[in-house]
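Notes follow the structure.
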């Protein structure tokens, strides 16, 4: 844990709401969830609500 209220978690494969269920199983709840990377694409410091075009060769 980074601090008492923050958890940094890395999973390589996720199912629907998997992280929320894992945290709930430990007796806690998720208030905010931020995906830093999807497949090989990183958010590159995008703020919530921001987006960018993805070029086809990246797929």
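All of the numbers you see were taken from the coordinates with simple rules; none came from a lab. Since the model is a prediction, treat every value here as computed from it, not as a measurement.
Odds and ends about this structure:
- Computed over every Cα-Cα pair of the chain and binned at 5 Å starting from 0, the pair-distance distribution P(r) comes out as 4, 12, 23, 21, 20, 11, 6, 3, 0 percent.
- Taking 0.36 nm per residue of sequence separation and removing the Cα-Cα distance, the residue 28/residue 50 pair yields an extension gain of 5.0 nm.
- Calculated [222 nm] ellipticity per residue, helices only, for the chain: -3500 deg cm²/dmol; basis is -39500 (n - 2.57) per DSSP H run with n ≥ 4, divided by all residues, nearest 500.
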